[in-house]
Amino acid sequence: MSTIALAGNPNCGKTTLFNRLTGLRQRVGNYPGVTVERRLGVAKLGPLVVQVVDLPGTYSLVARSRDEAVAYDSLTGRFGEGLDLVVAVVAASNLERSLYLVLSLLELGKPVIVVLNMMDELRSAGHTVDSAGLSEALGVAVVPMSARSGEGLSNLQRAIEQALTQPMGRAPPPVELSGTHETQVFDLGTELPGGRSQALWLLSSLASAESPGAFEQVDHPLAHRSALHKAGKRALGILKAHPELAVEIIRRRHDRARSIAGSVLRRSHSNEPNRTDRLDAVLLHPVWGSLSFLAVMFLLFQSLFAWAAPFMDLIEAGVGQLQGILRSKLPPGALLDLMADGVVGGVGNVIVFVPQIAFLFSFIAVLEDSGYLARAAYVSDRFMSRAGLHGRAFVPLLSGFACAVPAIMAARSIENRRDRLVTILVTPLMTCSARLPVFILIIGTLFAPETSVLGVFSTGGVLLFSMYAISVLTAVSCAFVLKKTILKSPTPPLVLELPPYRLPGIGDVIRRVVERCWAFIKDAGTIILALSIVLWTLLYFPRPDPGLPEVPAVEQSFAGQLGQMIEPVIEPLGYDWRIGVGLLASFAAREVFVSTMALVYGVDTEDAEDEGLRDSLRKARHSDGRLVYTPLVGLSLMVFFLFAAQCMSTIAIIRRETGTWRWPLFCMLYMNALAWLASLLVYQGGRLIV
Amino acid sequence: MTTLDRLPIGTSARVRAVLRVSSTTLRLMEMGLVPGCAVQVRKRAPFGGPIELEMTGFRLSLRPGEAEVFEVEAP
């Protein structure tokens with residue numbers, strides 16, 4: 001089977017074209033060793049069946065990092081795909097800049113055809129393009145079309161088929177550099193399997209890399225490529241002796257791109273503001289822009305928080321019903337409990353995230369495809385860059401207030417690996433909705449939430465607001481510290497294209513949402529399910545001793561024993577072993593703390609506002625007669641829940657998104673250390689004052 | 001002679017030279033901000049926020065600190 005690759009700039013309609021070509025025959029995975037999405041599909045072109053690879057959108061083939069090396073590596077067959085044809089997708093109205101990439105593609109020496117996409121947009125702007133002239137200038141076939149409407153698709157299919165069966169003539173000679181530079185590049189090329197074009201790639205990539213000499217660094221473009229280290233060292237020497245070389249490569253290509261674009265594209269010069277101008281006048285306005293940004297983000301947050309809730313309730317009700325059916329059909333015993341509570345409950349723990357993921361990614365897909373996401377980054381850049389973060393980190397951090405799982409998945413839009421990692425690692429600090437029942441239980445039990453503070457506020461409101469405020473401040477400070485220490489890197493550049501506003505294609509949006517949900521279920525879901533069953537086992541076994549009916553079963557379980565084992569660790573925070581069991585159980589999900597405490601105290605409820613449970617907590621005493629739950633213990637416990645990484649689903653999704661266990665473990669370590677220290681400070685400090 | 005970050009809103013100019021080359025500068029150059037290219041400043045976010053540029057066929061936003069290495073002249 002032949003393989004073709006789609007290459008193009010971001011926002012050129014490449015993925016829409018990929019969907020058009022492959023229909024439903026596609027799958028998404030990761031490129032080996034990195035967490036860059038790899039999209040593969042199969043297209044039927046008349047008698048031919050071809051494999052289609054959708055490359056990540058790029059402005060050039062230069063790799064500043066290992067992630068960015070994916071495009072070049074795919075094109076040069078490093079992932080084992082013999083590539084037969086490159087389809088360069090070009091936004092017709094953006095010809096000059098797109099041709100820069102096309103020229104780089106031609107230099108690789110692979111057969112290329114060019115798709116002049118978005119012809120409808122070009123026409124409505126009043127521009128015209130001479131596609132025959134372009135074809136002549138580039139020496140390859142050029143197919144004008146519009147992937148959105150499907151116009152010209154059959155021409156493209158024929159052109160691909162033809163290019164695969166009877167390759168066209170040669171591309172024009174590659175762009176030449178000035179005398180000494182050309183000699184250097186040529187000489188370096190003789191040492192490389194990819195010749196001159198690989199030499200150009202190596203020089204440009206090393207010139208662009210943030211720390212060009214650190215080949216061994218995990219995100220360096222030459223990491224895991226020791227075969228290139230020798231040539232890399234030589235390339236660094238050349239760059240040092242000829243500092244203008246990298247700039248010249250770019251300039252020469254642009255000169256040619258500009259002269260070709262100038263000869264085939266006729267622009268109409270109208271000063272009429274178009275749709276994009278009119279929208280930007282509001283959406284990028286110093287005042288209205290910020291307000292619209294807040295409105296859009298509020299809507300996104302609302303969808304996660306409120307709109308997803310009925311679906312989540314429905315899933316929980318469904319799980320409950322299924323458990324009921326199992327209980328009525330199967331004989332009672334450990335097997336039934338495993339099936340009902342371990343397996344069905346565990347599957348429920350996975351599926352319950354799907355509504356939020358679906359809502360968040362519908363939003364992101366619409367915002368991204370419409371062109372607004374780039375504007376959101378523009379508007380939020382000024383305060384995000386203060387913390388050393390990219391404007392794109394705003395959506396994940398905000399979504400973290402609802403749930404860290406979809407939020408961490410949303411961090412994918414951040415290009416730079418280190419910046420993405422920082423965002424992923426601090427997102428779980430945002431006060432997610434699962435912490436809310438715990439806070440409500442503690443505030444309602446130990447404080448008088450209705451008492452007014454300063455006449456306008458209530459104690460409950462002030463406490464809850466403080467938790468949210470502390471979580472934001474901590475997340476931002478941790479991001480700042482991580483950026484200065486273990487993930488040391490400069491504030492990411494803004495450099496952002498603001499594409500014209502377009503109506504998102506509904507099919508493309510649905511596909512993205514399904515893709516995200518499926519990736520979650522497949523990769524993170526399995527881990528969550530496994531952990532659910534482990535946790536169930538710890539809480540279930542060993543079975544209670546019939547001779548001790550007054551001791552709750554959970555106290556006799558492994559989890560109960562573990563709770564007693566960790567008591568010395570949590571005692572300085574003001575907790576007893578029962579709270580320890582609650583903390584262990586809340587690893588399933590923080591809100592489980594409420595039902596576990598109910599189990600521990602023999603109250604049958606899952607409701608954080610249940611007075612029976614609150615009463616039992618208020619009356620609980622240590623063996624020496626002191627009350628267990630004082631307001632100070634309550635504060636210490638809330639602070640613990642605020643900072644601790646207790647959620648196995650978060651851990652599973654970090655594993656999925658970073659591709660290694662190192663980062664989820666680090667996240668648990670630093671967050672739990674933070675939680676322990678902060679609670680210690682609150683409890684012991686409070687004891688000194690009170 | 002001035003630099004790109006100092007152009008008032010609405011001014012058109014041509015990039016004359018790149019004063020300092022960095023990773024970010026090379027990325028901007030790949031996107032088309034090379035000597036000889038025409039730019040127009042469309043917007044500036046308040047309080048030293050990002051600048052929006054109109055280039056041939058597309059719009060680009062960048063921070064003032066990223067723009068200051070581009071020397072520009074009247075078109």
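Yes/no matrix, rows are residues, columns are (1) modelled with pLDDT of 85 or more; (2) under 24 Å from A:LEU613 (Cα atoms):
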residue	(1), (2)
A:LEU503	yes, no
A:ILE527	yes, no
A:VAL551	no, yes
A:GLN556	no, yes
A:ARG578	yes, yes
A:ALA585	yes, yes
Checklist entry - Got at least one residue in region A:486-502 being more than 18 Å from the chain's Cα centre (by Cα), more than 14 Å from every other protein chain (Cβ to nearest Cβ) and not in a helix (DSSP H, G or I)? => result yes
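For every residue, the table says whether it meets (1) under 29 Å from A:ILE486 (Cα atoms); (2) touching a helix residue (DSSP H, G or I) at 6+ places or on another chain (Cβ under 9 Å); (3) surrounded by fewer than 19 Cβ atoms within 10 Å (Cβ to Cβ).
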{"residue": "A:ARG578", "(1), (2), (3)": "no, yes, no"}
{"residue": "A:LEU613", "(1), (2), (3)": "no, yes, no"}
{"residue": "A:GLY634", "(1), (2), (3)": "no, yes, no"}
{"residue": "A:CYS647", "(1), (2), (3)": "yes, yes, no"}
{"residue": "A:LEU677", "(1), (2), (3)": "yes, yes, yes"}
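Would you call B:ALA38 surrounded by fewer than 17 Cβ atoms within 10 Å (Cβ to Cβ) and either closer than 26 Å to A:LEU103 by Cβ or at pLDDT 95 or above (or both)?
Details: surrounded by fewer than 17 Cβ atoms within 10 Å (Cβ to Cβ): yes; either closer than 26 Å to A:LEU103 by Cβ or at pLDDT 95 or above (or both): yes.
Yes, satisfied.
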Next on the checklist: Under 6 Å between Cβ atoms, which residue pairs at least 6 apart in sequence (or on different chains) link something in region A:639-652 that is under 10 Å from A:LEU531 (Cβ atoms) with a partner that is at pLDDT below 95 and in a helix (DSSP H, G or I)?
Outcome noted: A:MET648/A:LEU531; A:SER649/A:VAL405; A:SER649/A:ILE528; A:ALA652/A:ALA524; A:ALA652/A:ILE527; A:ALA652/A:ILE528
Item to check | So A:LEU17, is it at pLDDT 90 or above and either over 25 Å from A:LEU496 (Cα atoms) or over 22 Å from the mean Cα position of the chain (by Cα) (or both) | outcome: yes
Checklist entry - Could you say whether any residue in region A:323-336 is out of contact with any helix residue (DSSP H, G or I) (no Cβ under 7 Å at 6 or more places or on another chain), under 26 Å from A:LEU473 (Cα atoms) and either of a type in the set (A, V, I, L, M, F, W, C) or assigned to a helix (DSSP H, G or I) (or both)? => result no
Checklist entry - Of all residues in region B:25-75, which are of a type in the set (Asp, Glu), facing another protein chain (nearest Cβ under 8 Å) and touching an Asp or Glu at 6+ places or on another chain (Cβ under 9 Å)? => result B:GLU52, B:GLU66
Checklist entry - Out of (1) in contact with a Pro (Cβ under 7 Å, 6 or more places away or on another chain); (2) within 21 Å of A:SER60 (Cα to Cα); (3) surrounded by fewer than 20 Cβ atoms within 10 Å (Cβ to Cβ); (4) of a type outside the set (Asp, Glu), what's the single condition that is false for B:MET55? => result (1)
Item to check | Elements of type helices (runs of 4 or more DSSP H) contained in region A:105-175, each with 1 or more residues being β-branched (Val, Ile, Thr) and surrounded by fewer than 16 Cβ atoms within 10 Å (Cβ to Cβ) | outcome: A:153-165
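Any residue at all in region A:291-308 that is within 13 Å of another protein chain (Cβ to nearest Cβ), modelled with pLDDT of 90 or more and either in contact with a Pro (Cβ under 7 Å, 6 or more places away or on another chain) or surrounded by 12 or more Cβ atoms within 10 Å (Cβ to Cβ) (or both)? So that I can check it myself, show each step before the final result.
Pass one, region A:291-308, residues within 13 Å of another protein chain (Cβ to nearest Cβ): A:293.
Subset that is modelled with pLDDT of 90 or more: A:293.
Now narrow it down to the ones that are either in contact with a Pro (Cβ under 7 Å, 6 or more places away or on another chain) or surrounded by 12 or more Cβ atoms within 10 Å (Cβ to Cβ) (or both): A:293.
Scanning region A:291-308 turns up at least one residue that is within 13 Å of another protein chain (Cβ to nearest Cβ), modelled with pLDDT of 90 or more and either in contact with a Pro (Cβ under 7 Å, 6 or more places away or on another chain) or surrounded by 12 or more Cβ atoms within 10 Å (Cβ to Cβ) (or both).
The values are calculated or read from the model by the stated rules, or taken from the named source; none is laboratory data. No experiment lies behind these values; they were computed from the predicted model shown. All Cβ positions, glycine included, derive from the backbone under ideal geometry; neighbour counts span all protein chains shown.
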